[in-house]
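Trainee: So that we are looking at the same thing, I have put the structure below in structure tokens.
What follows is calculated from the coordinates using simple rules that are stated; it is not laboratory data. This is a predicted model, so every value here is computed, not measured. As a convention, Cβ positions derive from the backbone with ideal geometry for all residues, glycine included, and neighbour counts pool all protein chains shown.
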There are 2 protein chains.
Amino acid sequence: MSPETIQLDHGSGGTAGYHLITQLFLPAFNNAILNKLDDSAQLTINNTRMAFSTDTFVVDPIFFPGGNIGDLAINGTVNDIAMSGATPLYLSVGMIIEEGFSGNFLHSIIQSMRQAAHKANVYVVTGDTKVMPAGKIDGIAINTSGIGIIEKDIHISAEHACVGDTVIISGTIADHGITIMTQRENLMIEGDIQSDTAALNGVVSQLIEHNCNIHVLRDPTRGGITAVLNEIARQSKVEIEINEQSIPIKPQIAACCELLGLDPFNIANEGKLIAFVPESEVEKVMTIFTQHPLTKDAAVIGQVISNNNPVVYLRTSIGGKRLLDMPIGDQLPRIC
Amino acid sequence: MSPETIQLDHGSGGTAGYHLITQLFLPAFNNAILNKLDDSAQLTINNTRMAFSTDTFVVDPIFFPGGNIGDLAINGTVNDIAMSGATPLYLSVGMIIEEGFSGNFLHSIIQSMRQAAHKANVYVVTGDTKVMPAGKIDGIAINTSGIGIIEKDIHISAEHACVGDTVIISGTIADHGITIMTQRENLMIEGDIQSDTAALNGVVSQLIEHNCNIHVLRDPTRGGITAVLNEIARQSKVEIEINEQSIPIKPQIAACCELLGLDPFNIANEGKLIAFVPESEVEKVMTIFTQHPLTKDAAVIGQVISNNNPVVYLRTSIGGKRLLDMPIGDQLPRIC
């Protein structure tokens, strides 16, 4: 069933977006690869296993502390590919630009993309640019799609969480989303607030090289860790319990969340991943994480406790337990 | 050098778009695959040759005689992949939708995408949906990216036109662009005017199966046959001569061009291709084309006459000869 009109929540990582996907897109394009709903599609072409992913970036503002729409677009697709354990290789860039957009801004964005691609060791090999008349698009939107190769016989998927798995987050949460929100609200905050946008394929490749047994990798972007944990619970049909106290968050980010009345668990990250691994792998994975600059604040935050119900519980800091339910939509649109 | 501001012409298939690509994108992302500037990037992964392409569709209106933005988006990327002689396999779909957009419209668009994908024998395996607040994007924009496999040892590229090659167009020109323009201008025209949007991978695969020796394949979309012929002239460093009288065009389309003061050679097509083949292959290629419903109006329209200058000449119907110069921009934006 189609909704009567498309609403902002349909573009979120929450329930409304999930409904749009499962009720409109999946029935239309129905195939085993798409239906897995992982961050990237896993394909096999001529016996070579590959990951293929796409993402469109409409972040507002387009420049923000820690990055801009350009490096965000490169890192976002690199990460989606890396989350299947693939080595990202090639990207496409599709731009829609508003007539009258500053040439200097475009130049800066492209330079950031160049640097981000270089850092992530990927090549932009094909592209497309459309210009829309003034007023028909707000500034610039960038789509990146990408291909990676899965070199080992590994099978990482949101469907593979198992009872007993340990849940690890690779660092502090909510940095990206809160940065965007403070920019948009013109809040002057003390302390270092900046987006965490970064490519995580380097650290993922270390996990793969060291033969870490990883069940699930996801990057908690739109909808934050809440959305991603709920998706994993649903796709693996498992019950997950998260310990509130163990989730790393910078004090200034926590303060902003308080100030803005936002739940940091629902806020987008752009340089973090969540890993589900068997208990036996935790030490090895955490050693790799804590030695890498992008994941040095990694923490064990919970575990898969049963396969009774596909839900996520939060063990709160005062000892209570509450359902960490999928948000309906995002607290603000155009976060990425 | 960046332009001061981005103008509509920068999104065209003409000179302005070419400058943006060569002055801003190529220096930044500089690599041998991108620098070829073919419709798709040709990659080799684990000894498997592949084609990878991306295209964003912002056509206005989104529904038009002969199709809508949905099947246009599927066919467009399928064709870009097929133009390297690859068999298109997998597509991604990235949508940006305006808040308040009709759910029924979205449903129709997705159904058209489903049908087009089915017809072209490709799978949509991954996607992304963003919603922008009302007024921040005009309706809907769709990016499709795709992967195909190049199964034989063929090397089709805009760089491979040779002196003596025959130039073939697969059917009538300007159908898509004129359809969009008459819709936008609310012109009521007698006769059948509709977009030619169609996936050409079926007929291309017949060329490949029959071992036709093809030097160049391009689909003349933005900027029409003028832009594509000039690109080929430039990339292969050859002089091309086209015979005006031999270019197939429907009388009602020619009449519209007269009425609107437009040059049909510069108008976008969405279901046509231009092939450069050695003279010895012409009969075989034309036999395949004329027997296929999508290319039955194919015609020989010119040849590569020298490698003196990278230019395109038009031998006019009254016996003159004029330069068919690259247009600066498109005659109307948002044609695809």
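Trainee: Taking neighbour Cβ counts within 10 Å as the exposure measure, how do B:T129, A:T48 sort from fewest upward? Spell out each step's value before the answer.
Mentor: Details: B:T129 20, A:T48 15.
Fewest-to-most ranking of B:T129, A:T48: A:T48, B:T129.
Trainee: Same structure again: Looking at the square roots a ≥ b ≥ c of the eigenvalues of the Cα gyration tensor of chain B, which shape do they give, rounded for a/c under 1.5, prolate if a/b is larger than b/c, or oblate?
Mentor: Judged from the Cα gyration tensor, chain B comes out rounded (a/c under 1.5).
Trainee: A further question on this structure: Where both partners of a DSSP beta bridge lie in the range A:31-149, what percent of those bridges are antiparallel, to the nearest 5?
Mentor: Numbers: 25 of 34 bridges.
DSSP beta bridges in the range A:31-149 are roughly 75 percent antiparallel.
Trainee: State, as an integer percentage, the relative contact order of chain A based on alpha-carbon contacts under 8 Å between residues 6 or more apart. Write out the running numbers ahead of the final one.
Mentor: On the way: 780 pairs, mean separation 81.6, N = 336.
Relative CO of chain A lands at 24 percent.
Trainee: Could you work out the mean count of beta carbons from other protein chains within 10 Å of each residue's beta carbon in A:11-22?
Mentor: Values: counts 10, 3, 0, 0, 0, 1, 3, 0, 0, 6, 3, 0.
Neighbouring Cβ atoms belonging to other protein chains average 2 per residue here.
Trainee: Can you compute the FRET efficiency between B:Q23 and B:F63 using 1/(1 + (r/R0)^6), with r the Cβ-Cβ distance and R0 = 35 Å? Round to the nearest 0.05.
Mentor: Details: r = 36 Å, r/R0 = 1.03.
E between B:Q23 and B:F63, to the nearest 0.05, is 0.45.
Trainee: Report, as an integer, the average count of C-beta atoms from other chains found within 10 Å of each Cβ along B:31-44.
Mentor: Details: counts 5, 2, 5, 8, 1, 2, 2, 1, 1, 3, 9, 2, 6, 0.
Taking the mean over all residues of the peptide, I get 3.
Trainee: So if I take the centroid of the Cα atoms in the range B:9-78 and the same for the range A:266-336, what is the distance between those two points in Å?
Mentor: 38
Trainee: Among B:223-231, A:303-311, how do they line up by average Cβ neighbours within 10 Å per residue, starting with the highest? Intermediate values should be presented prior to the final figure.
Mentor: Details: B:223-231: 26.0, A:303-311: 15.1.
Ranked from most to least packed, the peptides come out as B:223-231, A:303-311.
Trainee: Ok, one more. Take B:M132, A:M113, A:M286 and order them by how many other Cβ atoms sit within 10 Å, fewest up front.
Mentor: Taking fewest neighbouring Cβ atoms as first place, the list is A:M286, B:M132, A:M113.
Trainee: Take the Cβ-Cβ distance between B:S280 and A:N186 as r, set R0 to 60 Å, and report the resulting FRET efficiency rounded to the nearest 0.05.
Mentor: On the way: r = 69 Å, r/R0 = 1.15.
Given R0 = 60 Å and the Cβ-Cβ separation, E is 0.30.
Trainee: Around A:P3, with a cut-off of 15 angstrom between Cβ atoms, what is the net charge of the other residues, counting Lys and Arg +1 and Asp and Glu -1? Please list the in-between numbers first.
Mentor: Working: positive: none; negative: A:E4, A:D9, B:E98, B:E99.
Taking every other residue near A:P3 into account, the sum is -4.
Trainee: Is the range A:9-101 rounded, prolate or oblate when judged by the Cα gyration tensor, a ≥ b ≥ c being the square roots of its eigenvalues, rounded requiring a/c under 1.5 and prolate requiring a/b larger than b/c? Each step should come with its number before you reach the end.
Mentor: Numbers: a/c = 2.08, a/b = 1.28, b/c = 1.62.
Oblate shape, in that a/c is at least 1.5 and b/c is the bigger or equal ratio.
Trainee: Based on alpha-carbon positions alone, could you give the equivalent ellipsoid semi-axes of the range A:296-336 from the gyration tensor, as √(5λ), descending, whole Å? Each step should come with its number before you reach the end.
Mentor: Numbers: eigenvalues 105, 57, 33 Å².
Here the semi-axes work out to 23, 17, 13 Å.
Trainee: Under a point spin-label approximation (7 Å from Cα along Cα-to-Cβ), what is the B:D153-A:E209 distance to one decimal in nm?
Mentor: Calculated label separation equals 3.6 nm.
Trainee: Using the basic label-point model (7 angstrom from Cα toward the beta carbon), what is the A:E4 to A:D263 distance in nanometres?
Mentor: Here the modelled spin labels are 2.7 nm apart.
Trainee: Computed over the Cα atoms of the protein assembly as shown, what is the convex hull's projected area averaged over all directions, in nm²? All intermediate terms of the calculation are to be shown ahead of the outcome.
Mentor: Details: hull surface 114.4 nm².
Orientation-averaged projected area of the Cα hull: 28.6 nm².
Trainee: Place a +1 charge on the Cβ of each Lys and Arg in chain A and a -1 charge on the Cβ of each Asp and Glu, then give the dipole magnitude about the Cα centre in debye, rounded to the nearest 20.
Mentor: For chain A, the charge dipole is close to 360 debye.
Trainee: So what is the 222 nm mean residue ellipticity for the protein assembly as shown from helices alone, if each DSSP H run of at least 4 adds -39500 (n - 2.57) and you divide by all residues, rounding to the nearest 500 deg cm²/dmol?
Mentor: Details: 20 runs with 196 residues, N = 672.
Counting only the DSSP helices, I get -8500 deg cm²/dmol.
Trainee: Just the number, please: percent antiparallel of the DSSP beta bridges in the protein assembly as shown, rounded to the nearest 5.
Mentor: Working: 90 of 116 bridges.
Of the beta bridges lying entirely in the protein assembly as shown, close to 80 percent run antiparallel.
Trainee: Could you tell me whether the range A:166-323 comes out rounded, prolate or oblate from its Cα gyration tensor? Rule is a ≥ b ≥ c as square roots of the eigenvalues, rounded for a/c under 1.5, then prolate if a/b exceeds b/c, otherwise oblate. Provide the component values of the computation, followed by the final result.
Mentor: Numbers: a/c = 1.96, a/b = 1.27, b/c = 1.55.
It is oblate, given that a/c is not under 1.5 and a/b is not larger than b/c.
Trainee: Then there's this: Using a 7 Å offset from Cα along Cα-Cβ at A:L323, what residues in the range A:3-26 end up with backbone N under 18 Å from the label point?
Mentor: A:14-19
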